[in-house]
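What follows is a short report on a single structure.
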Amino acid sequence: MRHGMIAGLAVFALVGCTEYSQMYKVGASTTQTNVDQAQCNTFAAQTVPPMIINDWIPIFDSRGRVVGHRVESYDANEGRRYSAVNSCMTERGYQRTTIPYCKPEDIKGKSFAPLSNSPAITPSICAVKQDGGGKILVDLTKPL
């Protein structure tokens, strides 16, 4: 059982490195996607404001006696706000899409222009990680 769980986590970690998920709308420009995302984030923040909960968690000694406590805070509305953003984006025509990262051998020694509009996802469309943590989409069939 334990070996299966470790193997499953290893596979999950590798998959996380080969693709990512984002809200995507074919034909939308990067600017329009950013505007729609910002408007949906604002809508969600206004309709589902943070509800911070402070929980007091007891700390027990080896005999089971309470010897102290720690405070944990969390936003009880975080999940609802996330759902509100996704619903808003879906209403605007976006859908959650998984996009693979480009394989190093496919881009090594080549230059590609970032795609300004979101094309239909085909096997030649992939993402390149940027130094600042961002991602750009490129079409492997259109090197510079």
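The values are calculated or read from the model by the stated rules, or taken from the named source; none is laboratory data. Predicted model, so just to flag it, every value in this text is computed and none were measured. All accessible areas refer to the heavy atoms of the entire protein, side chains included, with ligands and DNA or RNA removed. Shrake-Rupley method; radii C 1.70, N 1.55, O 1.52, S 1.80 Å.
Name every residue in segment 71-85 that is closer than 12 Å to Q39 by Cα and under 14 Å from the mean Cα position of the chain (by Cα), in order of residue number. If the condition is that a residue be closer than 12 Å to Q39 by Cα and under 14 Å from the mean Cα position of the chain (by Cα), then V85 is the only one that fits. Filtered by the rule that a residue be over 28 Å from C40 (Cα atoms) and of a type in the set (V, I, T), segment 51-89 gives I57, I59, V66, V67, V71. The strands (runs of 3 or more DSSP E) found entirely in segment 33-144 that carry 2 or more residues being closer than 13 Å to M23 by Cα and open to solvent by 80 Å² or more (accessible area, probe 1.4 Å) are 95-100.
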